[in-house]
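The structure under discussion appears below in the form of structure tokens.
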Amino acid sequence: MAEPSRITVLAGGIGAARFLAGLQRVVPPALITAICNVGDDLEWLGLKVCPDIDSVLYTLAGMEGTEGWGVRDDTHHALDALRALGGESWFVIGDVDLATHLFRTERLRQGATLSDSTAALARAHGIGMTVIPVTDDLHPTVVQTAEGDLAFQDYFVRRRAAVPITGVSFPGAATAMPAPGVVEAIRDCDLLCIAPSNPFVSISPLLALPRVAAAVRDSRGQRVAISPIVGGAAIKGPAAAMLDALGHEVSALGVARIYSGLIDLFVLDTVDATLVPAVQALGMDAVAVDTMMTGDEGRERVARNILHAAGFAV
Ligand code: FO1
């Protein structure tokens with residue numbers, strides 16, 4: 001068994017952040033590149049907020065909020081004051097989190113790219129792995145609903161994901177270019193992981209960039225996806241409801257079908273072990289391991305399980 005020398009992870013928000021936190025306990029962080037979704041990004045009172053990038057950064061820095069977003073034990077003085085002024089307060093920004101958005105927005109205003117400002121934030125938090133947005137361009141996820149098109153956070157937070165969805169679209173995909181290093185990291189790794197993230201609104205936005213999809217197809221690494229659906233339910237977020245609404249089976253097999261033709265190995269949780277033959281019948285390897293990332297030890301155990309499943313020694 002070889003040790004991996006370069007691991008790239010296609011990452012959404014919270015599930016990906018926890019997987020990456022486990023991975024950096026098992027292999028040297030310098031070997032890891034996280035490529036982050038920007039489809040959830042929003043402009044909040046003129047500030048650039050990147051929820052998935054920030055969930056990854058805060059989790060890798062060990063300071064994530066209890067729900068996996070924002071900063072643990074953050075205060076909300078600025079938001080409370082804003083609310084008292086009659087300002088918009090449906091999107092909860094804590095005071096420490098606010099500093100991140102101020103820092104990023106100011107960097108962007110001075111001409112830095114999103115990649116530059118993400119690297120600066122990662123450095124400031126002492127993060128050893130490379131964290132890159134999939135693109136430096138605007139590439140929003142639009143959620144199509146019975147009530148019309150909604151920006152992702154409008155759907156997810158303002159409308160509490162309660163509006164029936166009919167599809168998702170990525171209007172920036174045709175023109176957005178992969179950020180520097182994205183294509184190389186995907187193409188030239190030993191192991192390419194699709195994190196246990198929502199396939200529709202976390203991973204699809206990455207694959208919607210034609211050059212990213214081509215790099216995944218051409219990758220010299222083993223391509224492994226980890227199911228975000230365990231026992232027919234999502235660990236976090238609206239993935240199960242979206243599978244159902246968009247006509248897919250609400251199971252790990254339903255997710256495997258979405259990735260069919262793109263990956264070499266699909267990892268399911270042990271509770272879904274009976275689905276292994278059906279996933280293999282799609283033309284990919286499949287293995288069932290413990291994927292529950294509870295606590296630091298759980299995250300580390302899952303990272304080890306995935307690396308073993310992919311045939312790497314750790
Ligand atoms: N999620 C919520 O459910 N409610 C919020 O008010 C909220 C605020 C928020 C602020 C900053 C941030 O980085 C993330 C935030 N999130 C919030 C999480 C976010 O909407 C989603 O978890 C991701 O976009 C999905 O990956």
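The values are calculated or read from the model by the stated rules, or taken from the named source; none is laboratory data. As the structure is a prediction and not an experimental result, all values here were calculated from the model. A quick note on method: Cβ atoms are made from the backbone with ideal geometry, for glycine too, and the neighbour counts reach across all protein chains shown.
The residue of the stretch 30-52 that is farthest from the chain's Cα centre (by Cα), among those that are assigned to a helix (DSSP H, G or I) and crowded, with 17+ Cβ neighbours inside 10 Å, is 31. Given the structure, is residue 185 within 30 Å of residue 314 (Cα to Cα), buried (at least 19 other Cβ atoms within 10 Å of the Cβ) and either touching a Gly at 6+ places or on another chain (Cβ under 8 Å) or hydroxyl-bearing (Ser, Thr, Tyr) (or both)? So residue 185 does not fit the description; no. Does residue 65 count as under 29 Å from residue 294 (Cα atoms) and in contact with a helix residue (DSSP H, G or I) (Cβ under 8 Å, 6 or more places away or on another chain)? Judged against the criteria, residue 65 is a match. Pick from the stretch 155-196 the residues that are among the charged types (D, E, K, R) and outside any loop (DSSP other than H, G, I, E, B): which of them is nearest to the ligand (Cβ to nearest atom)? So the residue we want is 158. Take residue 113 and tell me if it is among the β-branched types (Val, Ile, Thr) and within 13 Å of the ligand (Cβ to nearest atom). Spelling it out, it is not the case that residue 113 is among the β-branched types (Val, Ile, Thr) and within 13 Å of the ligand (Cβ to nearest atom). Selection of the stretch 119-141 for residues being among the charged types (D, E, K, R) and free of Cβ contacts under 8 Å to residues at least 40 places away in the same chain yields only 123. Candidates 42, 23: the one that is modelled with pLDDT of 95 or more and more than 9 Å from the ligand (Cβ to nearest atom) is 23. Summed over the stretch 53-81, residues that are within 13 Å of the ligand (Cβ to nearest atom), in a helix (DSSP H, G or I) and of a type outside the set (Val, Ile, Thr) total 6.
Within the stretch 11-25, residues that are in a helix (DSSP H, G or I) reach partners that are within 12 Å of the ligand (Cβ to nearest atom) and of a type in the set (A, V, I, L, M) with beta carbons closer than 7 Å, at six or more positions or on different chains, in the pairs 15/195; 16/56; 16/195; 17/56; 19/195; 20/11; 20/56. In the stretch 81-118, the residue that is nearest to residue 34 (Cα to Cα) out of those that are in contact (Cβ under 8 Å) with a residue 12 or more places away in the chain and charged (D, E, K, R) is 104.
Screening the candidates 229, 235, 194 for the property of being surrounded by 15 or more Cβ atoms within 10 Å (Cβ to Cβ), touching a Lys or Arg at 6+ places or on another chain (Cβ under 8 Å) and farther than 20 Å from residue 142 by Cα yields one hit, 194. Residues that are modelled with pLDDT under 95 and of a type outside the set (Lys, Arg) within the stretch 146-164 comprise 146, 147, 161, 162, 163, 164, listed in sequence order.
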